[in-house]
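The values are calculated or read from the model by the stated rules, or taken from the named source; none is laboratory data. Predicted model only: the values in this text are computed from it and were never measured. Please note: Cβ atoms are built from the backbone with ideal geometry, for glycine as well, and neighbour counts cover all protein chains shown.
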């Protein structure tokens, strides 16, 4: 079978470190959901609390939704970081750090029970994703040239 040699820039290590940081943030969010389950009395395997059964359903659901949304975005974030970072490791690491920090604010804002507060600082994560998309397109076009 053939062998493929992949040479990554030394600076790609920054991309890897930011991806691990995002994993740690995800673990922290999962822990917050666990605490919210106890605080608002939402047992497993219930994904979302019903307002008819639990007066604190909105607060729990906001915590759960903040984490769930971060999980939903994670595959796209990881793919864009890994591919774009092959050509633009510094840029992608910086954008990935911005995205990761913005997700903390997104989650904390959401967890207040007022979903609009997730966007106060959390909205900057979408700009980071846009920058990662541009970096990944640049990587793809560079391969074709």
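The table that follows gives values for the structure above.
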{"item": "Answer from 131, 109, 113, 142 - the residue that is at positive phi, out of contact with any strand residue (DSSP E or B) (no Cβ under 6 Å at 6 or more places or on another chain) and in contact (Cβ under 8 Å) with a residue 12 or more places away in the chain", "result": "113"}
{"item": "Flag if residue 129 is closer than 23 Å to residue 14 by Cβ, assigned to a helix (DSSP H, G or I) and at pLDDT 95 or above", "result": "yes"}
{"item": "Residue match in region 88-101 (condition: more than 28 Å from residue 10 (Cβ to Cβ), surrounded by fewer than 17 Cβ atoms within 10 Å (Cβ to Cβ) and within 12 Å of the chain's Cα centre (by Cα))", "result": "no"}
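Let's see how each residue does on (1) touching a helix residue (DSSP H, G or I) at 6+ places or on another chain (Cβ under 9 Å); (2) crowded, with 17+ Cβ neighbours inside 10 Å; (3) in a helix (DSSP H, G or I):
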{"residue": "13", "(1), (2), (3)": "yes, no, yes"}
{"residue": "38", "(1), (2), (3)": "no, no, yes"}
{"residue": "43", "(1), (2), (3)": "yes, no, no"}
{"residue": "46", "(1), (2), (3)": "yes, no, no"}
{"residue": "64", "(1), (2), (3)": "yes, yes, yes"}
{"residue": "74", "(1), (2), (3)": "yes, no, yes"}
